[in-house]
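Since the structure comes first, as structure tokens, the remarks are kept for the end.
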Amino acid sequence: GYPQLNRHTITASAEANGRISPSGTVRVNYNADQQFTITPDQGYHIANVLVNGLSVGIFGAYIFRSVVSDQTIQVIFAADP
């Protein structure tokens, strides 16, 4: 096969009580965009979205734009009051 040059990895994870899609190790072409959809389970809500360990707020979707390096995204959920 061809070498996987100019590709990067986004590692996507979600804690219990929800999911992120796609999840796991996501390969992205150099300078491409990659969108993630975040869905809490019933009775839960998104508490935080962390990109490369830093909070970026509370969103149901997140787009990495013009990916030029490896990245991480992690979602934290909390029970509804």
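The values are calculated or read from the model by the stated rules, or taken from the named source; none is laboratory data. In this text the structure is predicted, and so the values were computed from the model without any measurement. Cβ sites come from the backbone with ideal geometry, for glycine too, and all protein chains shown count toward neighbours. Note: accessible area is taken over every heavy atom of the protein model, side chains too, but ligands, DNA and RNA are not part of it. Shrake-Rupley method; radii C 1.70, N 1.55, O 1.52, S 1.80 Å.
Quick one: is residue 32 assigned to a loop (DSSP other than H, G, I, E, B), over 11 Å from the mean Cα position of the chain (by Cα), touching a residue at least 12 places away in the same chain (Cβ under 8 Å) and surrounded by fewer than 13 Cβ atoms within 10 Å (Cβ to Cβ)? Against the criterion (assigned to a loop (DSSP other than H, G, I, E, B), over 11 Å from the mean Cα position of the chain (by Cα), touching a residue at least 12 places away in the same chain (Cβ under 8 Å) and surrounded by fewer than 13 Cβ atoms within 10 Å (Cβ to Cβ)), residue 32 does not qualify.
Is it fair to say residue 78 is open to solvent by 40 Å² or more (accessible area, probe 1.4 Å) and in contact with a Phe, Trp or Tyr (Cβ under 8 Å, 6 or more places away or on another chain)? Against the criterion (open to solvent by 40 Å² or more (accessible area, probe 1.4 Å) and in contact with a Phe, Trp or Tyr (Cβ under 8 Å, 6 or more places away or on another chain)), residue 78 does not qualify.
Within segment 35-52, the set of residues being surrounded by fewer than 11 Cβ atoms within 10 Å (Cβ to Cβ) and in contact (Cβ under 8 Å) with a residue 12 or more places away in the chain comprises just one member, 43. For segment 53-70, a residue qualifies if it is open to solvent by less than 80 Å² (accessible area, probe 1.4 Å), out of contact with any Phe, Trp or Tyr (no Cβ under 6 Å at 6 or more places or on another chain) and closer than 14 Å to residue 11 by Cβ, and the qualifying residues are 53, 64, 67, 69. Yes or no: segment 6-23 includes at least one residue that is touching a Phe, Trp or Tyr at 6+ places or on another chain (Cβ under 7 Å) and of a type in the set (Lys, Arg). Taking every residue of segment 6-23 in turn, at least one turns out to be touching a Phe, Trp or Tyr at 6+ places or on another chain (Cβ under 7 Å) and of a type in the set (Lys, Arg).
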